[in-house]
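Inspection log for the structure reproduced underneath, given as structure tokens.
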Amino acid sequence: MADHPKKRRPLRTLCTLTILALLTALFVHWDNTALQVTHFEPVFTGLPEGFDGCRLVVLSDLHGGEFGPGNGELFAAVAEAVPDYIVYLGDLEDRCRGPREGYAESVAQGLSAIAPLYYVTGNHEWAIGDVPELKERLEAHGARVLDNEFVTLERNGDTVVLAGIDDPNGYADQKTPEQVAAEVYAAQGAPFWILLAHRNNAFAERYSLLGADLVLSGHGHGGIIRLPFTDGLLSVERTFFPSYTAGFYEENGSALFVTRGLGNSGPMFRLFNRPEVAVVTLRSS
């Protein structure tokens, strides 16, 4: 005698729910581990012509993550972009997981083998501690750490200034961003200059007032969960609907680019917000 259809319904429901749960888990895993290479071409009226077409790969917030064995997938994606320069904007490792022996060195060595690598600290470096020693290890493996200072970049006979500041979690007596900006102007006059600064949420009220033509930041993790018509759902400070979390913004005559970053801190995970390798090609109008 055949089973009554109603008796089979709970089993069908269970199978359906199991399949949906499995598909959701697979999607979340993919959404947090599949690199997405994004391209941007901002136009600047003051950019020297020699830097027209200059390609920056902008990375941030690995948090000890790994894309392929030894971050091989990450290095391959960066190399394929053929950058003139690579900038790394802090939170290389994660305070919740703690540092891994040799990890920072391997990332610095792998990236600096592709193009000149410039690095600034994020809040997690300072939360872990021993930052001076970390900076020495990164420098020894190819990174140029910008420690509240600036350098001059040259391309096709023209120059721009690249400045980098430590995270506000750094030492209380460190140079302020305002002091770094004053040093840029005192030494270079009125150059086209780019500022590397980890914290996206300090742009509107502080970093945009320094006069930098372009600020590059991370920290926001793309708003963690990205939904249509929002600039991210949740900030890393656990406030809702943050701004300045991904892409380009402008305030006070200064442009900001925020990368969504690569990794996650502690138990956090991304949703509709894949790890990003951002390729920013500068254009002169």
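The values are calculated or read from the model by the stated rules, or taken from the named source; none is laboratory data. What you see is a predicted model; the values in this text were computed from it and never measured. In this analysis, Cβ positions are derived from the backbone assuming ideal geometry, glycine residues included, and neighbour counts consider all displayed protein chains. Keep in mind that these areas ignore ligands, DNA and RNA; they rest on the heavy atoms of the full protein, side chains included. Shrake-Rupley method; radii C 1.70, N 1.55, O 1.52, S 1.80 Å.
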Problem set entry | Filter pass, Leu138 being modelled with pLDDT of 95 or more, under 17 Å from the mean Cα position of the chain (by Cα), assigned to a helix (DSSP H, G or I) and closer than 21 Å to Leu216 by Cβ | no
For this session: Scan the stretch 21-41 for residues that are crowded, with 16+ Cβ neighbours inside 10 Å and in a loop (DSSP other than H, G, I, E, B) and jot them down.
Result: Leu35
Problem set entry | Matching residues in the stretch 190-218 - criterion: being at pLDDT 95 or above, open to solvent by 10 Å² or more (accessible area, probe 1.4 Å) and either part of a loop (DSSP other than H, G, I, E, B) or among the hydroxyl-bearing types (Ser, Thr, Tyr) (or both) | Pro191, Phe192, Ala204, Glu205, Arg206, Leu210, Gly211, Asp213
For this session: Evaluate the following for Leu227: is it at pLDDT below 95, under 21 Å from the mean Cα position of the chain (by Cα) and not acidic (Asp, Glu)?
Result: yes
Problem set entry | Those residues of the stretch 175-187 which are in a loop (DSSP other than H, G, I, E, B) and either in contact (Cβ under 8 Å) with a residue 24 or more places away in the chain or not β-branched (Val, Ile, Thr) (or both), in sequence order | Lys175
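Would you confirm whether any residue within the stretch 81-92 is touching a residue at least 24 places away in the same chain (Cβ under 8 Å), closer than 29 Å to Ser254 by Cα, touching a Cys at 6+ places or on another chain (Cβ under 8 Å) and open to solvent by less than 60 Å² (accessible area, probe 1.4 Å)?
Checked the stretch 81-92: at least one residue is touching a residue at least 24 places away in the same chain (Cβ under 8 Å), closer than 29 Å to Ser254 by Cα, touching a Cys at 6+ places or on another chain (Cβ under 8 Å) and open to solvent by less than 60 Å² (accessible area, probe 1.4 Å).
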Seminar exercise, completed: Taking the stretch 147-169 and keeping residues over 22 Å from Gly46 (Cβ atoms) and either of a type in the set (Gly, Ala, Ser) or open to solvent by 60 Å² or more (accessible area, probe 1.4 Å) (or both) leaves Asp147, Pro168, Asn169
For this session: Could you pull out every one of the helices (runs of 4 or more DSSP H) wholly within the stretch 59-130 that has 2 or more residues that are polar (S, T, N, Q)?
Result: 103-112
Exercise. Picking from Ala190, Ala163, Ala172, which residue would you name as being free of Cβ contacts under 8 Å to residues at least 60 places away in the same chain, out of contact with any strand residue (DSSP E or B) (no Cβ under 8 Å at 6 or more places or on another chain) and under 29 Å from Ser243 (Cα atoms)?
Worked result: Ala172
Exercise. With respect to Arg144, is the statement that it is open to solvent by 10 Å² or more (accessible area, probe 1.4 Å) and touching a Phe, Trp or Tyr at 6+ places or on another chain (Cβ under 8 Å) true?
Worked result: yes
Seminar exercise, completed: Reported set for the stretch 94-121 where residues are β-branched (Val, Ile, Thr) and either open to solvent by 10 Å² or more (accessible area, probe 1.4 Å) or over 19 Å from the mean Cα position of the chain (by Cα) (or both) is Ile114
